[in-house]
Amino acid sequence: MSNEMPTAIPLPLSDEVLRELIPKAKDWALMHGAAMRSKTSFSADSLNFAPFVLTPSAVPRKEFQRAVDLQCVINKLVHAVAHNREFLVDCLKETIKVDEFTKNLFNIYNIVTEEGITQRTSLAILRSDYMSHSLDNNRLKQVEVNTIACSFAGISSLLLQLNSFILAELHQADKLANMPENHALEGICSGMLTAHRHYGVPNAVILFLVEDTTYNICDQRFHEFEIARLNPRVRVKRRTLTDIAVDGRLGDKRIYFSDDFEVAVVYFRSGYEPDHYVTQGEWDARLMIERSLAIKCPSIQYHLAGTKKVQQELASPGCLERFLDDPNEVEAVRSIFTGLYSLDMDDEGNKNVRMALDHPERYVLKPQREGGGNNIYGHEIHTALSRMRGTERTGWILMQRIEPPIARSYIIRPGGPDVPEMVDMVSELGIFGVIIGDETNILENEQVGHMLRTKVATANEAGVAAGSGALDSPFLID
C-alpha cells in the first residue's frame, strides 16, 4: 500500500474558500466548546478553540473496525494484569529501583495490598492508541494503552460534528456516511454512573481529581455536564490532590469524605506526572484515596498496569497466554504489537542497547510516564543512552518506531494565518473502553468511542494538550 493516504475530499481548497470557511469553522468550535484555555495567556474567563484539522483524515475501514472490535479484549487483558500481583511485582521490580515516581506509586500499591484492599471494585477508562504502519500494509500498530486521565473523549465527540459541518459547507455532504459515530463522552460518563450505582449510596458524589491549573477545561467539564444530563441527582465535585491533603478524611468503614461529602467514585484527571505531587502531602492524599471505600478510576494497580514496562513485558513470547484463554484473542492482540524491547541489565538488554545505538532512527525510547512530551526519538536516543549511568536504563523501554502513511490537509491553530498552507500529517487513533469489576467478576466491559489526533509529519509528539497535535475525525476508506 502507498505511503500516502488519500484525502477525504479534493484538495487543495482555493484561498477564497479558505478565507470564508476557516473563520466560520473557528466560531463553530468556540461556540460548541471544542476549546481549551491558553497556556501562553491563561485566563479562567476566556478560551481558545482547540487546534483541529479542517477536513477529516483517512483511516482504513477494516483497520478501524479491527481496533474497535479488539477493545473489549484489551480491556479484559489490562484488567487481568492489574489484578495479578505476582506479575506486577516481577515486572516492575527493576524499574522501581531507578524510577522514583513509579517507586512511589508501587509503595502505595504495596501498602494497600498488604493491609487488604478496602474497595475491590475498580472502574477503568482506557484508551488504546494506534498508528497505521506503512511497512505492514497500513495495518494498525499499538502505540500504548492509557489507564489514567484518558483525555479528549468530550471534545472528540464534537469533532465529528465540526468536520461534518465543514464537509457540508464544502458541498461534500455525501461523504458524511464515511465518518463513524462517536459516543465516547456518553459511554465514559455512563460507566462512571454505573460505578456510582454499584457503590450504593445515592447521595454520594463523584469526585474529579484535577490539576491545580486546568487548560483542557472543556473536555473535563463536558464529563460533568454529561453526568448531570444522564442523572441530575448525581453531583460532581472537583478537587486537587493538595485539596485532598487538607480536607480529605476517612470515616468509619474507610468511607472517604471530601469536605463533608461522601465520595462514591474518584475520577483521576491528574496524578499521572511527578509534578502533580508537589510535597509529601499529595502522596499522602493519594494513599488515603487508595485506602478508602471509594471506587477509583483508576485504582493504583490499574495505574501501574499502564506503565510502559508492563506494555513491553506483555509483548514478550508466551506472556499474553497468562491472561487470555482464547487463542484467537491472543493472536488478535499480538498482531497489534510492534517491536518492544527490554533495557534490563542482562544480555538481552545489552543486545537491545546495541541495536538502538546502531540504528536509533528505527526506535523510540520511552520512560514510565503519561501526558506526552517524554519520549526520545531518533539520534537523540544515542545521546540519551550514552548519558545513562548504572542501572538507569532499566527505567525505560525501547519500541520499534511505527512508520505511518502521510496525509494532507490544513491544521487550524489559534493565531494561525488566515490562509494556511496544506501540510504533510500523520494521525494516531485512540479507542476508548470502559471496564468495571474486581479480580473475580467483570460487571461491565464496553468499547465506547474513539478519538483521532493528528500532527505535522515532522513532529515527534501528537499531544494536543501538550501543544504539538490537533484534533481530527476519522474518514473511513476501503
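Looking at (1) touching a residue at least 24 places away in the same chain (Cβ under 8 Å); (2) assigned by TED's automatic domain parsing to the domain that holds residue 93; (3) polar (S, T, N, Q), which is the one condition that is false for residue 280?
That leaves (1) as the condition not met.
Mind checking whether some residue in segment 402-417 is more than 30 Å from residue 20 (Cα to Cα) and in contact with a Gly (Cβ under 6 Å, 6 or more places away or on another chain)?
Among the residues of segment 402-417, not one is more than 30 Å from residue 20 (Cα to Cα) and in contact with a Gly (Cβ under 6 Å, 6 or more places away or on another chain), which makes the answer no.
Pull up segment 42-53, narrow it to residues that are touching a Leu at 6+ places or on another chain (Cβ under 9 Å) and surrounded by fewer than 23 Cβ atoms within 10 Å (Cβ to Cβ), then point me to the one that is nearest to residue 214 (Cα to Cα).
47
On the given criteria, is residue 426 assigned to a loop (DSSP other than H, G, I, E, B) and either assigned by TED's automatic domain parsing to the domain that holds residue 22 or over 24 Å from the mean Cα position of the chain (by Cα) (or both)?
For residue 426, the condition - assigned to a loop (DSSP other than H, G, I, E, B) and either assigned by TED's automatic domain parsing to the domain that holds residue 22 or over 24 Å from the mean Cα position of the chain (by Cα) (or both) - is not met.
Which one of these is touching a strand residue (DSSP E or B) at 6+ places or on another chain (Cβ under 7 Å), closer than 21 Å to residue 119 by Cα and surrounded by 16 or more Cβ atoms within 10 Å (Cβ to Cβ): 227, 300, 289?
It is 289.
Can we say residue 454 is crowded, with 21+ Cβ neighbours inside 10 Å and closer than 22 Å to residue 155 by Cα?
Judged against the criteria, residue 454 is a match.
(1) surrounded by fewer than 24 Cβ atoms within 10 Å (Cβ to Cβ); (2) aliphatic (A, V, I, L, M); (3) under 30 Å from residue 239 (Cβ atoms); (4) touching a Ser or Thr at 6+ places or on another chain (Cβ under 7 Å): which one isn't true of residue 176, the others all being true?
Against the list (1) surrounded by fewer than 24 Cβ atoms within 10 Å (Cβ to Cβ); (2) aliphatic (A, V, I, L, M); (3) under 30 Å from residue 239 (Cβ atoms); (4) touching a Ser or Thr at 6+ places or on another chain (Cβ under 7 Å), residue 176 comes up short only on (3).
When residues of segment 172-194 are filtered for being part of a helix (DSSP H, G or I) and among the acidic types (Asp, Glu), how many remain?
Of the residues in that region, 2 qualify.
I need the full set of residues from segment 298-318 which are assigned to a loop (DSSP other than H, G, I, E, B) and touching a residue at least 60 places away in the same chain (Cβ under 8 Å), in order please.
298, 299, 306, 307
Go through segment 343-392 residue by residue and tally those that are part of a helix (DSSP H, G or I) and β-branched (Val, Ile, Thr).
3
So, of the residues in segment 62-99 that are more than 22 Å from the chain's Cα centre (by Cα), more than 18 Å from residue 302 (Cβ to Cβ) and charged (D, E, K, R), which turns out to be modelled with the highest pLDDT?
Residue satisfying both the conditions and the ranking: 62.
Would you check if there is a residue in segment 196-209 being within 22 Å of the chain's Cα centre (by Cα), closer than 30 Å to residue 162 by Cα, surrounded by fewer than 21 Cβ atoms within 10 Å (Cβ to Cβ) and not acidic (Asp, Glu)?
no
Here are some conditions: (1) surrounded by 20 or more Cβ atoms within 10 Å (Cβ to Cβ); (2) closer than 27 Å to residue 145 by Cβ. Residue 238 meets all but one. Which one does it not meet?
Among (1) surrounded by 20 or more Cβ atoms within 10 Å (Cβ to Cβ); (2) closer than 27 Å to residue 145 by Cβ, the lone unmet condition for residue 238 is (1).
Which condition does residue 435 not pass, out of (1) surrounded by fewer than 16 Cβ atoms within 10 Å (Cβ to Cβ); (2) modelled with pLDDT of 95 or more, if it passes all the others?
Answer for residue 435: the failing condition is (1).
Out of all the residues in segment 198-221, is one or more farther than 23 Å from residue 47 by Cα and aromatic (Phe, Trp, Tyr)?
Checked against the condition, which is being farther than 23 Å from residue 47 by Cα and aromatic (Phe, Trp, Tyr), segment 198-221 yields at least one hit.
What tally of residues in segment 13-41 results from selecting those that are loosely packed, with under 12 Cβ neighbours inside 10 Å and modelled with pLDDT under 95?
Qualifying residue count, segment 13-41: 2.
Can you tell me how many residues in segment 327-342 are closer than 26 Å to residue 453 by Cβ and not in a strand (DSSP E or B)?
Summing the residues that are closer than 26 Å to residue 453 by Cβ and not in a strand (DSSP E or B) in segment 327-342 gives 8.
Limited to segment 208-225, what total is found for residues that are among the hydrophobic types (A, V, I, L, M, F, W, C) and either within 21 Å of residue 282 (Cα to Cα) or not in a helix (DSSP H, G or I) (or both)?
3
Of 321, 262, which residue is part of a strand (DSSP E or B) and acidic (Asp, Glu)?
That would be 262, the only listed residue that is part of a strand (DSSP E or B) and acidic (Asp, Glu).
For segment 38-50, which positions are assigned to a loop (DSSP other than H, G, I, E, B) and closer than 18 Å to residue 164 by Cβ?
Result: 50, single match.
Can you give me the number of residues within segment 393-417 that are outside any strand (DSSP E or B) and in contact with a helix residue (DSSP H, G or I) (Cβ under 6 Å, 6 or more places away or on another chain)?
Number of matching residues: 5.
The values are calculated or read from the model by the stated rules, or taken from the named source; none is laboratory data. As the structure is a computational prediction, the values presented were derived from the model and not from experiment. Here Cβ is always computed from backbone atoms with ideal geometry, including for glycine, and neighbour counts include all displayed protein chains.
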